[in-house]
Amino acid sequence: MCSCRLNVLKTVCFVLFSTFFEIGQFTLMDSKDGGRFEPILRQCSLRLTDAEVMVSYEGRALIMDKEIALPHASKLNFRCSEVGMFKFVGQKTITCSDGHWSSTFPRCVATTLQQNFSVQAPPTINYNVISGDADVSETGDVVIIPNSIVHLDCLFQREHGSPEWAWSSTQRQYPCGWSLSSDERNWKYRLSIYYAKEEDSGFYSCSTPMGESNNITVVVKDVECPPIQSVDRHRVMAVEGNKMHSKAHFACVEGYRLKGSKDITCTASGKWSDDPPTCQLIQCPPLTPNAPHLKLSTHNRTYGERVTFSCPTRYRLVGVTSLQCLKNESWSDDPPICEAISCVAPLPPPNGRVFESGRYLAGDTVTYTCLTGFILVGESVAVCNDVGEWSQPPPTCRPVCEFPGEPVNGYILPTKFHYDINEIVLVLCNKGYRRLGFMKLRCTPTGLWSNPLPHCRPYNR
């Protein structure tokens, strides 16, 4: 029973899965449209292997250094890198339709000039503007402005016979023949268009006696690019005009940088070679110093701004005191750090001790003491100041003798807490008492008295 149900479920899933791929991929649209499905149309892959084929998309030339993907309905225009120098074979315009291109990619065939004037190669066609102006459009058409004089030269060796020119225009005939120049008349078979008019537009084809041919398309028209409408109050613009080959030059005011092309040209296709650039505010990267205590005078990071730094009490600045934002969007130096101010660990004086907390930062204190038999000379307390130095030099411990005490019924002269080395004291007894022992005691270098303290006894004893 279970096995049967499982097989039925597999069959249903297989049918649904197959139906999905037969119909194609769909996506559910917004519920406002009644929940209808719309197809997801696939992209087309583009990778060219012919280095002489140029491709443009939406009026911009594509750099074909790797494979790219373009959306459905994308339209590409093709031409050879040098019109007439190569023979274009294929469609000039190809469209993407749900993952497939409408035609195979075109190719550019080398002509006589690259093939050492081989009679088996298509002839090279050169165009030479004598007066007026001409250029090549993104589809490979030679666009000529009206009233121009243009020579079309078919390159073929005269010794193998004369080529033949043909054209699509029916309005007039064009003079043809070998060039009159002595150094060109054996390899340039020329067609001349004098004072070109719109009716001269069309195909011009040159065929050799061997049946090889090449052609170019000529379009005679006044080319005008649209006015540049883009407005940027931080940008300065100088436009030479809007005719073919006219240029527009751009610059930014101080503190802004140009993003895009600084010069654009009106092309033969009636489009500017690029979009007008924009002016972006010059800004340096945000300052994120590692020192948590570092204080900034401002967080403004625009071009020319100067930021100064400071540290709180008990810290000192290590590095530059200020930075400036440069035109290349970088700071003039690395940011400084705040380093905790500290003093050198104190050493106990000979015959003494030092009491400290284990820290030697600004504001911390240390206390010095001396061992028994020594007296402190200097300050007993020192403070680490804001420049990393102790407020007092280390004291010294000088050896002394302690007060020896007074005998009963007697006294000492002089009476002090400490006595210097070699200092002598006198031991005297009160009236009616006599001394048993030495009257003079001397403080020895060991910090001990030279003799024990004497006693005072009554005379009647």
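The values are calculated or read from the model by the stated rules, or taken from the named source; none is laboratory data. Every value quoted in this text rests on a predicted model; they were computed, and no experiment measured them. Here the Cβ positions follow ideal geometry from the backbone for every residue, glycine too, while neighbour counts run over all protein chains shown. For the accessible areas, the whole protein counts, side chains as well, though only heavy atoms, and no ligand, DNA or RNA atoms are used. Shrake-Rupley method; radii C 1.70, N 1.55, O 1.52, S 1.80 Å.
Numbers below:
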quantity: Tail beyond 15 Å, pair distance distribution of segment 265-358 (Cα, percent); calculated: 72
quantity: Length gained when the stretch V318-I130 is fully extended (0.36 nm per residue, less Cα-Cα span); calculated: 60.7 nm
quantity: Helix 2-23 axis, angle to the chain major axis (alpha carbon atoms, nearest 10°); calculated: 60
quantity: Two-decimal Rg to Rh for segment 342-443 - Kirkwood Rh, Cα set; calculated: 1.24
quantity: Cα point-scatterer Debye curve for segment 60-111, base-10 log of I(q)/I(0) at q = 0.14, 0.15, 0.16, 0.32 Å⁻¹; calculated: -0.41, -0.47, -0.53, -1.27
quantity: Solvent-accessible area per residue for segment 84-231 (1.4 angstrom probe, square angstrom); calculated: 50
quantity: Label-to-label distance, nm, for residues given as F403 and W331 (7 Å Cα→Cβ offset); calculated: 6.5
quantity: Amide proton proximity set for I375, modelled H, under 5 Å, gap of 5+; calculated: R398, V400
quantity: Length-normalised contact order of segment 247-305 in % [C-alpha pairs under 8 Å, at least 6 apart]; calculated: 31
quantity: Stokes-Einstein diffusion coefficient of segment 175-241, Kirkwood radius over Cα pairs, 4 °C, 1.567 mPa s, in µm²/s; calculated: 79
quantity: Sequence ranges 105-111, 412-418, ranked by mean other-Cβ count within 10 angstrom, highest first; calculated: 105-111, 412-418
quantity: Positive minus negative residues near L62 (Lys, Arg vs Asp, Glu; Cβ under 12 Å); calculated: -1
quantity: Estimated distance in nm for a label pair at F355 and I228, the labels positioned 7 Å out from Cα along Cα-to-Cβ; calculated: 8.1
quantity: Restraint check, K87/K243; K221/K247; K295/K327, Cα-Cα greater than 26 Å; calculated: K87/K243
quantity: Accessible surface, per residue, of segment 399-461 when the full set of protein chains is kept, probe 1.4 Å, Å²; calculated: 65
quantity: Relative contact order of the chain, defined on C-alpha pairs under 8 angstrom at six or more residues apart (%); calculated: 6
quantity: q = 0.21, 0.23 Å⁻¹, segment 208-340: log10 I(q)/I(0) [Debye, one scatterer per Cα]; calculated: -1.10, -1.22
quantity: Where N is the number of residues in segment 98-253, Cα Rg divided by 2.2 N^0.38 Å; calculated: 1.32
quantity: Evaluated over segment 229-302, the Cα radius of gyration and Dmax, each in Å; calculated: 18.6, 62
quantity: Full-stretch length increase - H72, A251 - with 0.36 nm per residue and alpha-carbon distance subtracted; calculated: 60.7 nm
quantity: Shape call, segment 269-419: gyration tensor on alpha carbons, a/c limit 1.5; calculated: prolate
quantity: Local electrostatic count, Q114, Cβ distance below 12 Å [Lys/Arg +1, Asp/Glu -1]; calculated: -1
quantity: Using θ = phi - 60° and Karplus 6.51 cos²θ - 1.76 cosθ + 1.60, couplings along segment 258-263 (whole Hz; Gly, Pro as x); calculated: 7, 10, x, 7, 7, 10
quantity: Value at 222 nm in deg cm²/dmol, rounded to 500, when DSSP H runs of n ≥ 4 in the chain each add -39,500 (n - 2.57); calculated: -1500 deg cm²/dmol
quantity: Mean separation of Cα contacts under 8 Å, 6 or more apart, over the residue count of segment 165-262: relative contact order %; calculated: 18
quantity: Percent carbon-and-sulfur accessible area, the chain, ignoring ligands, DNA and RNA, probe 1.4 Å; calculated: 53
quantity: Alpha carbon centroid spacing (whole Å) that separates segment 177-194 from segment 297-351; calculated: 77
quantity: Distance between modelled label sites at R435 and L448, nm, 7 Å Cα→Cβ extension; calculated: 2.2
quantity: Values of log10 I(q)/I(0), in the order q = 0.13 Å⁻¹, for the chain under a Debye, Cα-only, solvent-free model; calculated: -1.21
quantity: Full-extension gain in nm, L428 to T49, via 0.36 nm per residue minus C-alpha separation; calculated: 124.2 nm
quantity: Efficiency of FRET from Cβ geometry, S310 and F417, R₀ 45 Å, rounded to 0.05; calculated: 0.35
quantity: Segment 211-263 versus segment 58-93: alpha-carbon centroid distance in Å; calculated: 21
